[in-house]
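The values are calculated or read from the model by the stated rules, or taken from the named source; none is laboratory data. Because the structure is predicted, anything quoted here is derived from the model rather than measured. Neighbour counts are summed over all protein chains in view; Cβ atoms, including those assigned to glycine, are modelled from backbone coordinates with ideal geometry. Surface areas here come from the heavy atoms of the whole protein model, side chains and all, with no ligands, DNA or RNA. Shrake-Rupley method; radii C 1.70, N 1.55, O 1.52, S 1.80 Å.
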Amino acid sequence: FRHSAVASGPSIPPNTIHSWYTREHTGDNISDTVGSVTLVNHGGVFVSDGVRFDGTDWLDTAAWTVGANHVSMSVWIKASDATSSQVIVVKETVNAQWEIFIFTTLFLRGGGAGPQVLAASGLTANVWKNVVGTISGTTGAIYLDGTLSLSGSVAAFTDTSSVFQVGRYGSGSNPLLGPDSRVGLVQIANAAWSSGDVSTIWTNQRSLFGV
């Protein structure tokens, strides 16, 4: 595992409270290089470019809070299927806090089942993409590769202490991420990043994923 402070590791965006970098990892679980919350591996395989999911695996944490009613999430993902219903990240409880899904395109959801922000375009299968979602009160925005895709209204979330998951929809078994999808870096902030912040994430981190 390579700590974020090392020059070749990922940059840390403003107000980041958690950062999990899964590349060059050697242990069973993934250390948080900003906070102190471990991302626990449930069956994923560590490969040279991140964690590989096979359709039955996921990652999760112990319970934590954002500490604000604003949140940003950045995920580097290489999805093997870019259109079928799959979860990328979710803060429990599902439909009560916040999440990013693949459902034909990408969508961002805050508290409640709707409204939600759908991206104008989706992922490309088997290509590394940076997906960023931001929520500030009832305003949500979703970005793809450093560029705003769409912004709009979301339901405000109530910040409660709960688990965070990558690749699994709450406590259920579906829709799981994969098979053969990869996640290389996940970062969470307790503020809504600006478009400039998101552009900088893309610029500073893209070389880690060869794009």
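Numerical summary
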read-out	value
Relative contact order, percent, the chain [alpha-carbon distance under 8 Å, six or more residues apart]	28
Under-5 Å amide H pairs with ALA68, H placed in peptide plane, nonlocal only	none
Integer Hz, Karplus 6.51/-1.76/1.60 couplings in order for the stretch 119-131, x for Gly and Pro	5, 5, 9, x, 6, 10, 4, 6, 10, 5, 9, 9, 10
Accessible-area composition of the stretch 72-211, carbon plus sulfur, in percent [1.4 Å probe]	51
Rg in Å to one decimal, and Dmax rounded to a whole Å, for the stretch 43-158 via C-alpha atoms	13.9, 38
Accessible solvent surface per residue of the chain, calculated while the other protein chains remain in place, 1.4 angstrom probe, Å²	37
Over the stretch 22-100: Rg over Rh, Cα atoms, Kirkwood Rh	0.95
Estimated [θ] at 222 nm from DSSP helical runs (n ≥ 4, -39500 (n - 2.57)) normalised by residues in the chain, nearest 500	-1500 deg cm²/dmol
Shape category assigned to the stretch 133-211 from the gyration tensor of Cα positions, a/c cut at 1.5	oblate
About the Cα centre, charge dipole magnitude for the chain (Lys/Arg +1, Asp/Glu -1 at Cβ), debye	260
Surface accessible to a 1.4 Å probe, VAL186 within the full protein complex, Å²	0
Mean projected area (nm²) of the alpha-carbon convex hull when the chain is viewed from all directions	9.5
Nonlocal amide H pairs with ASP32, under 5 Å, H built at 1.01 Å	VAL37, LEU39
